[in-house]
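The values are calculated or read from the model by the stated rules, or taken from the named source; none is laboratory data. Model, not experiment: these values are computed from the prediction. All Cβ positions, glycine included, derive from the backbone under ideal geometry; neighbour counts span all protein chains shown. Accessible surface areas use protein heavy atoms only, side chains included; no ligands, DNA or RNA. Shrake-Rupley method; radii C 1.70, N 1.55, O 1.52, S 1.80 Å.
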Amino acid sequence: MQIIIQKDRETAVALAAALLADQLRLKPNSVLGLATGRTMEGLYARLAEMHRSAGLDFSLAVTFNLDEYYGLPPTHPNSYRYYMNQHLFNRVNIDLRNTHLPRGTTTDPQKEARRYELLIKDAGGIDLQVLSIGESGHIGFNEPLSAMFSRTRLKALTAKTVEQNSPLFEEPEAMPRFAFTMGVGTILEAARCLMLVTGPEKAAIIAKATEGPVTSMISASALQLHPDCTVITDADAGANLEQQEYYHWIYEHDPQWEPYRALFPR
Ligand code: GLP
């Protein structure tokens, strides 16, 4: 795992967008794993801007989202399909047929979960998985005690997640209590993981997830097992990290970050 602490939210988002854009330039038919939530809004706005101003090309990209609320149709403003269309897909030149999310209104959740896993497999697996972290420590909706080898399935949401996400609903009490999510095992199979974490409310959980023990109580800690995972934080989210100086040193000296250092000094 590599951790890069940027000075502010804007620079953290810009660096994450640059890494994702470079993935697309290197392999235009990349299979991207995508996330939702407030953190991702900035990233998608930036990617849409790169498409508009620099022609960043999504025409051959294939995407799989981490999760979707159970019971919400794609037309519901709080469904993640709606979110993705609004924030990214309708703003770039992606072929909507190449964009995938679990179908929240299915009558057979187990079949839908198997279908989703097969789709990912048939696409050749995920090249780059973008992630953020929930205050419960979840990645996707892998709430505490999610098995490290878990696959796409329905998960019951914790009270913490309901508290974090229900204010986004017009009627907060209407937030579904179950959601489809890729499993921790599904996520760990992505060739590369990129986690973006911003804001002081994430400082405690990201420190536990990255510098604490690997535990199914904090699903994001499973990323410590991934061979190619980059975590980008802003100064607020990175504030509780114990090894900040070490992470800064790596960003300043590791040749792989050389092309980014000038554009995004920490
Ligand atoms: C939702 C998503 C998670 C995401 C989280 C972060 O719960 N299921 O994948 O990590 O939101 O939310 P925010 O960026 O709003 O803090």
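Couple of notes before you dig in:
- In terms of its alpha-carbon gyration tensor, region 102-164 comes out oblate; a/c meets the 1.5 threshold, while b/c is at least as large as a/b.
- Cα centre as origin, Lys/Arg/Asp/Glu Cβ charges: region 31-125 dipole, Debye: 60 debye
- When you filter the GluC sites (Glu not before Pro) in region 81-190 for DSSP loop state and at most 13 other Cβ atoms inside 10 Å of their Cβ, you are left with GLU170.
- Gyration tensor verdict on region 104-256 (Cα atoms; rounded if a/c is under 1.5, prolate if a/b is larger than b/c, oblate otherwise): oblate
- Accessible solvent surface per residue of region 2-261, calculated while the other protein chains remain in place, 1.4 angstrom probe, Å²: 43 Å²
- Stretchable slack from ALA159 to TYR246, in nm (0.36 nm times residue separation minus alpha-carbon distance): 27.8 nm
- For MET175, MET148, the ranking by accessible surface with the largest value first comes to MET148, MET175, using a 1.4 Å probe.
- Taking a Cβ cut-off of under 12 Å around PRO74, the surrounding Lys, Arg, Asp and Glu residues balance to a net charge of +1, with basic ones at +1 and acidic ones at -1.
- Centroid-to-centroid separation of region 64-124 and region 1-24 [C-alpha atoms, Å]: 25 Å
- Cα lying deepest toward the dipole's positive end in the chain, options ALA191, ALA237, ILE218, charges on Cβ: ALA191
- Overall, the chain carries a charge dipole of about 680 debye about its Cα centre when +1 sits on the Cβ of Lys and Arg and -1 on the Cβ of Asp and Glu, all other atoms neutral.
- Charge dipole (debye, nearest 20) of region 53-106; +1 at Cβ of Lys and Arg, -1 at Cβ of Asp and Glu: 120 debye
- Span-like helix ranges in the chain, DSSP H, alpha carbon extent 18 angstrom or more, Kyte mean at least -0.5: 9-26
- Cα gyration tensor shape of region 159-201, rounded if a/c is under 1.5, else prolate or oblate by comparing a/b with b/c: oblate
- When each of the peptides 195-202, 138-145 is scored by the mean number of other C-beta atoms lying within 10 Å of its residues, the order from highest to lowest reads 138-145, 195-202.
- Ordering PRO73, PRO109, ILE120 by Cα displacement along the dipole of region 60-142 toward the positive end leaves PRO73 in first place; charges were set at the Cβ atoms of Lys, Arg (+1) and Asp, Glu (-1).
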